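Here the structure comes first, spelled out in structure tokens, and everything after it is commentary.
The values are calculated or read from the model by the stated rules, or taken from the named source; none is laboratory data. Because the structure is a prediction, the values reported are computed rather than measured. With ideal geometry, Cβ positions are generated from the backbone for all residues, glycine too; neighbour counts draw on all protein chains shown.
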Amino acid sequence: MAKAFFAHVETWVFDLDNTLYPPEMRLFDQIEVRMTQFVMDALGVDRAEADRLRLDYWRRHGTTLAGLMREHDVDPGPYLTDVHDISFDVLEADAELAAHIRALPGRKIVYTNGSAPYAQRVVETRGLEGLFDAIYGVEHAGFQPKPDRAAFDRVFATDGVVPERAAMFEDDVRNLAAPHAMGMRTVLVGPEPVEADHVHHHTDDLSGFLSRLV
């Protein structure tokens, strides 16, 4: 990886879940349980069917919420409040990651398919509070989820992101296709590399990767 590859970057965009904390902390497992329960209650189906629908909507619509909204006209507000009502005790502060994010030149933002209040809780618990210039949730994209290009367009327009001078860090390879097409540098964060033309770099250690940029 050449540091020069990121020399032009002025805005650093970070996904939240399984990106700003490692997947082995398993925070999102709690959300998945609550998603399944919400689907059971909202649609009157059993757990097995709710799990099937949750995954099906995630695959076809980008998120479970998007599927519920598009196919069942579910109100996103109660859903986002309910599924993010979890314990954050599994998260640990990461002073090293905080130092490397702080050292990045330019603007730093969080953009998640979760809600902004939930993202704020994660950022605080990870010891990253005060490092980001803005935190955007799915509500800021009009409840359109990543990987929809329109979702990125809306959030980036709000923030003033110039994609050709920005980088995106994300654990879901689908969510890097639009940023790549917009001209962003793309970094897949996760345990396994994925061969895809829209992924410039892969890392299983976000903190270590950032340390090599600054």
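Could you please give the count of residues in the range 83-105 that are in contact (Cβ under 8 Å) with a residue 60 or more places away in the chain, over 17 Å from SER211 (Cβ atoms) and out of contact with any helix residue (DSSP H, G or I) (no Cβ under 6 Å at 6 or more places or on another chain)?
The total comes to 1.
Which one of these does ALA4 not meet: (1) surrounded by fewer than 17 Cβ atoms within 10 Å (Cβ to Cβ); (2) modelled with pLDDT of 95 or more; (3) among the hydrophobic types (A, V, I, L, M, F, W, C)?
Unmet condition: (2).
Okay, residues lined up against (1) in contact (Cβ under 8 Å) with a residue 40 or more places away in the chain; (2) closer than 26 Å to PRO179 by Cβ; (3) not hydroxyl-bearing (Ser, Thr, Tyr):
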residue: PHE6; (1), (2), (3): yes, yes, yes
residue: ALA42; (1), (2), (3): no, no, yes
residue: ASP51; (1), (2), (3): no, no, yes
residue: THR63; (1), (2), (3): yes, yes, no
residue: LEU68; (1), (2), (3): no, yes, yes
residue: LEU80; (1), (2), (3): yes, yes, yes
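Considering only helices (runs of 4 or more DSSP H) fully contained in the range 9-93, which possess at least 3 residues that are within 18 Å of the chain's Cα centre (by Cα) and within 19 Å of VAL173 (Cβ to Cβ)?
Per the criteria, 47-61.
Going by the conditions given, is ARG102 part of a helix (DSSP H, G or I), basic (Lys, Arg), in contact with a Leu (Cβ under 6 Å, 6 or more places away or on another chain) and surrounded by fewer than 16 Cβ atoms within 10 Å (Cβ to Cβ)?
Considered against the rule, which asks whether it is part of a helix (DSSP H, G or I), basic (Lys, Arg), in contact with a Leu (Cβ under 6 Å, 6 or more places away or on another chain) and surrounded by fewer than 16 Cβ atoms within 10 Å (Cβ to Cβ), ARG102 comes out as yes.
Take the conditions surrounded by 22 or more Cβ atoms within 10 Å (Cβ to Cβ), at pLDDT 95 or above, in contact with a helix residue (DSSP H, G or I) (Cβ under 7 Å, 6 or more places away or on another chain) and on the phi < 0 side of the Ramachandran plot and apply them to VAL155. Does it pass?
yes
What number of residues within the range 178-205 are small (Gly, Ala, Ser), farther than 16 Å from VAL9 by Cβ and in contact with an Asp or Glu (Cβ under 9 Å, 6 or more places away or on another chain)?
2
If ALA95 meets every condition in (1) at positive phi; (2) surrounded by fewer than 17 Cβ atoms within 10 Å (Cβ to Cβ); (3) hydrophobic (A, V, I, L, M, F, W, C) apart from one, which number is that one?
Condition not satisfied by ALA95: (1).
Which number in (1) at pLDDT below 95; (2) at positive phi marks the one condition that GLY44 misses?
Result: GLY44 fails condition (1) only.
Could you list, in sequence order, all residues of the range 162-213 that are among the basic types (Lys, Arg) and buried (at least 19 other Cβ atoms within 10 Å of the Cβ)?
ARG185
So ARG149 ticks every box in (1) surrounded by fewer than 16 Cβ atoms within 10 Å (Cβ to Cβ); (2) closer than 25 Å to VAL90 by Cα but one. Which box is left unticked?
(2)
Would you mind finding the one in PRO193, PRO179 that is modelled with pLDDT under 95 and either under 25 Å from PRO76 (Cα atoms) or not assigned by TED's automatic domain parsing to the domain that holds ALA66 (or both)?
PRO193
With respect to ARG47, determine if the residue is within 30 Å of GLY183 (Cβ to Cβ), surrounded by fewer than 16 Cβ atoms within 10 Å (Cβ to Cβ), outside the structural domain of GLY160 (by TED's automatic domain parsing) and not aromatic (Phe, Trp, Tyr).
no
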